[in-house]
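One structure follows; several queries about it will come next.
The values are calculated or read from the model by the stated rules, or taken from the named source; none is laboratory data. In this text the structure is predicted, and so the values were computed from the model without any measurement. Neighbour counts are summed over all protein chains in view; Cβ atoms, including those assigned to glycine, are modelled from backbone coordinates with ideal geometry.
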């Protein structure tokens, strides 16, 4: 599933260059959806359904990554990992955990 078109409508009021989407920009958009809860937002709909639904989506997407990897389908792996990261950012936003906190943890592990 391709989320950027539903995550970033033109009227979002957030300046994002889609040719240069990054984790921080996407996380900022997700936080905005959590705050404003627009009716037509997929992200807001997940927040309305609650953490259990978000967690379920992460499980579904992780399984799809495994299947794509098992099938050695590079294009599908990229697509499914994108979906997985997207949903992970949603659960991080749900718990008010910034992506930088994850990067910091990863850096701590490299010592």
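Residues in the stretch 66-80: is at least one part of a loop (DSSP other than H, G, I, E, B), more than 16 Å from the chain's Cα centre (by Cα) and surrounded by 13 or more Cβ atoms within 10 Å (Cβ to Cβ)? Working first, answer last.
The initial filter retains those residues of the stretch 66-80 that are part of a loop (DSSP other than H, G, I, E, B), namely 71-73.
Adding the requirement that they be more than 16 Å from the chain's Cα centre (by Cα) leaves 71-73.
Cutting the leftovers down to surrounded by 13 or more Cβ atoms within 10 Å (Cβ to Cβ) gives us 73.
Checking the stretch 66-80: at least one residue is part of a loop (DSSP other than H, G, I, E, B), more than 16 Å from the chain's Cα centre (by Cα) and surrounded by 13 or more Cβ atoms within 10 Å (Cβ to Cβ).
Against the definition (under 13 Å from the mean Cα position of the chain (by Cα), surrounded by 12 or more Cβ atoms within 10 Å (Cβ to Cβ) and in a helix (DSSP H, G or I)), how does residue 53 come out, yes or no?
Working: under 13 Å from the mean Cα position of the chain (by Cα): no; surrounded by 12 or more Cβ atoms within 10 Å (Cβ to Cβ): yes; in a helix (DSSP H, G or I): yes.
For residue 53, the condition - under 13 Å from the mean Cα position of the chain (by Cα), surrounded by 12 or more Cβ atoms within 10 Å (Cβ to Cβ) and in a helix (DSSP H, G or I) - is not met.
Name the pairs whose Cβ atoms lie under 8 Å apart, with the first residue in the stretch 13-28 and under 20 Å from residue 88 (Cα atoms), the second part of a helix (DSSP H, G or I) and modelled with pLDDT under 85, and 6 or more positions between them or separate chains?
Sorted first by the residue in the stretch 13-28, then by its partner, the pairs are 18/4; 21/4; 26/7.
Right, next: Tally up the residues in the stretch 29-44 that are in a helix (DSSP H, G or I), in contact with a helix residue (DSSP H, G or I) (Cβ under 9 Å, 6 or more places away or on another chain) and without any contact (Cβ under 8 Å) to a residue 24 or more places away in the chain, please.
Initially, the stretch 29-44 is screened for residues in a helix (DSSP H, G or I), giving 29-36, 42-44.
Next, only the ones that are in contact with a helix residue (DSSP H, G or I) (Cβ under 9 Å, 6 or more places away or on another chain) stay: 29-34, 36, 42-44.
Adding the requirement that they be without any contact (Cβ under 8 Å) to a residue 24 or more places away in the chain leaves 29, 32, 36, 44.
The total comes to 4.
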